Amino acid sequence: MKLIGELRALLGESGVLTDPADTSAYTKDWKHTVEGSAACVVRPRTAEEVAGVVRLASAAHVSVIPQGGNTGLAAGAIPDPSGTQIVLTLSRMNAIRKLDPVGMTVEVEAGCIVQAVQDAARAAGRILPVAFAAEGSAQIGGIVSTNAGGSNVLRYGMTRQLVLGLEVVRADGTILNGLRHLRKDNAGYDWKQLYIGSEGTLGIVTAVVLRLMPQPKFVVTSLLSVADPRAALDLLKQMQDGIGDVITAFELISPYSISIVEKHFGLKCPVAGGGWMVLLEASASVPGLREGVDEALAKVLESGIATDGTVAESETQAAQIWALRERITEAELKEGKSVKHDVSVPIPSVPEFLREAEEKLRASIPGAKINAFGHLGDGNIHFNVVVPPVTDAKVVNRLVHDIVALHEGSISAEHGIGSYRVDELERYRSESELVLMKQIKNALDPGGILNPGKVNAGSKI
Ligand SMILES: Cc1cc2nc3c(=O)[nH]c(=O)nc-3n(C[C@H](O)[C@H](O)[C@H](O)COP(=O)(O)OP(=O)(O)OC[C@H]3O[C@@H](n4cnc5c(N)ncnc54)[C@H](O)[C@@H]3O)c2cc1C
């Protein structure tokens, strides 16, 4: 293939992988449920090389699929089965260019692993507050392109709130440099917002300037049992009233989720009772945090909103509590076939959504087990359903998403649309929103070479 030769001339031999033994890791998604095929995998080292790849691919009418750490849960970074598409991995572009502890910013290349940037920030007394179970593999370009959330959104917002500047390679192969370290910048359209969360369909992120936050000196991690999600919501209200400004995480965990992490990873829930759990974390830099949290917890235990609880007395205990939350997705993989939903509803509607969805599923799919957990403080629940192997996933999706729609929620709170939810996006977003999305795609990628078929298939338009 002529294009492969041109790519080799641009990137060198080691920059272009074609042997299936080398490319197979890039053509399967994290869950290994979607497998595509690639003409090649390219590994550029600079934005100029990324731009060169895009120009060559565009001239040859070949699609480019940007890929970060390949931890996405919507199969957005996987090529289709045709064997004609190019996977472009950012993994060689992994320099932390500049960390400014005074301005509290960090400029990094897109292929930096999230954890590496977190570590660098911590070493400078700052934090990058995006935190989630895949942070050891996910890349900065990936979290920007999916607008990743995680367990600290309640306090610090989604990735979008942390992006100050971007460098992007456009679909025509030009490099758009907006790597500004500014807190305030109202000079014209804020174009970077278009690329954040666009899942590689509008441009390829090559470098990012992120905001950092002060590193809290004190952290209190607790696990509380509650009777049900309604009580968890009461607990959230009570804790927001008491210590709202220091809460960094408020995670809901169902009894089934706890049972599978105990079963598959030998973990032990330190709070007895086997009911719903809330992981609450608070952090601050002024002394007195522990006393404030203890006082607030005493009230909720006394009033019966929480039935039992424990507070971590060491970093090891805090890590043990977090492991119960963070290993749920992996434990679910070991349970067999599961159908995932990453949904959000207005926060007060979460208990009702959970009740209705569970009732409907139990009635329609005998044997279904509900693995519900997630970021209650953001109204975002991972409502995953472990089902018998013969179950049609689309039937389960429809059932759950219809209830989400009744509550005016979203079918993708943080994982994105990828290739999994294209049909669902078309069903649940309005005609006028779909038209606008298609117009944006056509304006920024008229040849349709960037990650085609993902997010916005646009069949309605
Ligand atoms: C165990 C586990 C827990 C998770 N928990 C959370 C969570 O709490 N919150 C959350 O939001 N997500 C979570 N995720 C999902 C996933 O980790 C995030 O979506 C993450 O942001 C993906 O980053 P990545 O580098 O792996 O991207 P990839 O999976 O490689 O790509 C994701 C999408 O972004 C595009 N893309 C990647 N890099 C670029 C780039 N440089 N330029 C343009 N497009 C690009 C791809 O084409 C694809 O569409 C979890 C995943 C796992 C496996």
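Which ones in region 95-110 are open to solvent by less than 10 Å² (accessible area, probe 1.4 Å) and over 26 Å from Gly173 (Cα atoms)? Break it down stepwise before answering.
So in region 95-110, the residues open to solvent by less than 10 Å² (accessible area, probe 1.4 Å) come out as 105-106, 108, 110.
Result: Thr105, single match.
Of Gly150, Gly136, Gly188, Gly142, which residue is modelled with pLDDT under 95 and out of contact with any Lys or Arg (no Cβ under 8 Å at 6 or more places or on another chain)? So that I can check it myself, show each step before the final result.
Working: Gly136 fails: modelled with pLDDT under 95; Gly188 fails: modelled with pLDDT under 95; Gly142 fails: modelled with pLDDT under 95.
Residue meeting the stated conditions: Gly150.
Could you please let me know if Lys237 is of a type outside the set (A, V, I, L, M, F, W, C), under 30 Å from Ala123 (Cβ atoms) and open to solvent by 50 Å² or more (accessible area, probe 1.4 Å)?
no
Under 28 Å from Ala134 (Cβ atoms), of a type outside the set (Asp, Glu), in a strand (DSSP E or B) and over 23 Å from the mean Cα position of the chain (by Cα): does that describe Thr310? Reasoning before the result, please.
On the way: under 28 Å from Ala134 (Cβ atoms): yes; of a type outside the set (Asp, Glu): yes; in a strand (DSSP E or B): yes; over 23 Å from the mean Cα position of the chain (by Cα): yes.
Criteria met by Thr310.
Which number in (1) within 25 Å of Val278 (Cβ to Cβ); (2) within 16 Å of the ligand (Cβ to nearest atom) marks the one condition that Arg421 misses?
Result: Arg421 fails condition (1) only.
Which of the residues spanning region 138-175 are within 6 Å of the ligand (Cβ to nearest atom) and assigned to a loop (DSSP other than H, G, I, E, B)?
Across region 138-175, the qualifying residues are Ala138, Ala148, Gly149, Gly150.
Only one of (1) under 16 Å from Asp100 (Cβ atoms); (2) in contact with a helix residue (DSSP H, G or I) (Cβ under 9 Å, 6 or more places away or on another chain); (3) in a loop (DSSP other than H, G, I, E, B) is not met by Leu182, so which one is it?
That leaves (2) as the condition not met.
Inside region 192-227, can you point out the residues that are out of contact with any Gly (no Cβ under 8 Å at 6 or more places or on another chain) and charged (D, E, K, R)?
Scanning region 192-227 gives Arg211, Lys217.
Hey, among the residues in region 108-137 that are assigned to a strand (DSSP E or B) and aliphatic (A, V, I, L, M), which one's nearest to Tyr195 (Cα to Cα)?
Step one: filter region 108-137 for residues assigned to a strand (DSSP E or B), giving 108-109, 113, 126-127.
Of the ones still in play, those that are also aliphatic (A, V, I, L, M) are 108, 113, 127.
Working: Val108: 17, Ile113: 19, Ile127: 24 Å.
The extreme case among them is Val108.
Enumerate the helices (runs of 4 or more DSSP H) found wholly within region 331-447, keeping only those where 3 or more residues are assigned by TED's automatic domain parsing to the domain that holds Glu251 and surrounded by 14 or more Cβ atoms within 10 Å (Cβ to Cβ).
Once the helices (runs of 4 or more DSSP H) in region 331-447 are filtered for at least 3 residues that are assigned by TED's automatic domain parsing to the domain that holds Glu251 and surrounded by 14 or more Cβ atoms within 10 Å (Cβ to Cβ), nothing remains.
Does at least one position in region 183-197 carry a residue that is closer than 21 Å to Glu313 by Cα, open to solvent by 30 Å² or more (accessible area, probe 1.4 Å) and of a type outside the set (S, T, N, Q)? Break it down into steps so the answer makes sense when it comes.
Residues of region 183-197 that are closer than 21 Å to Glu313 by Cα, as a first pass: none.
No - not one qualifying residue is present in region 183-197.
Quick one: which of His61, His32 is modelled with pLDDT under 95 and at positive phi?
Numbers: His61 fails: modelled with pLDDT under 95.
Unique residue meeting the criteria: His32.
Do you know which of the residues in region 111-133 that are open to solvent by 30 Å² or more (accessible area, probe 1.4 Å) and within 13 Å of the ligand (Cβ to nearest atom) is farthest from Glu330 (Cα to Cα)?
The selected residue is Ala116.
Taking the condition free of Cβ contacts under 8 Å to residues at least 24 places away in the same chain, of a type in the set (Val, Ile, Thr) and open to solvent by 60 Å² or more (accessible area, probe 1.4 Å), does Thr316 pass? Walk me through how you get there before you give the answer.
Values: free of Cβ contacts under 8 Å to residues at least 24 places away in the same chain: yes; of a type in the set (Val, Ile, Thr): yes; open to solvent by 60 Å² or more (accessible area, probe 1.4 Å): yes.
Yes: the conditions hold for Thr316.
What number of residues within region 189-214 are more than 16 Å from the ligand (Cβ to nearest atom) and either free of Cβ contacts under 8 Å to residues at least 40 places away in the same chain or within 22 Å of the chain's Cα centre (by Cα) (or both)? Don't jump to the end; show me each part of the working.
Taking region 189-214 as the starting set, the residues that turn out to be more than 16 Å from the ligand (Cβ to nearest atom) are 189-190, 211-214.
Those left that are additionally either free of Cβ contacts under 8 Å to residues at least 40 places away in the same chain or within 22 Å of the chain's Cα centre (by Cα) (or both): 189-190, 211-213.
Final tally of qualifying residues: 5.
Out of (1) in a loop (DSSP other than H, G, I, E, B); (2) open to solvent by less than 50 Å² (accessible area, probe 1.4 Å); (3) modelled with pLDDT of 95 or more, what's the single condition that is false for Asn456?
So the condition that Asn456 fails would be (3).
The values are calculated or read from the model by the stated rules, or taken from the named source; none is laboratory data. No experiment lies behind these values; they were computed from the predicted model shown. For neighbour counting, all protein chains shown are included, and Cβ atoms are generated from backbone atoms with ideal geometry for every residue, glycine included. We work out accessible area using only protein heavy atoms, side chains counted, and drop any ligands, DNA or RNA first. Shrake-Rupley method; radii C 1.70, N 1.55, O 1.52, S 1.80 Å.
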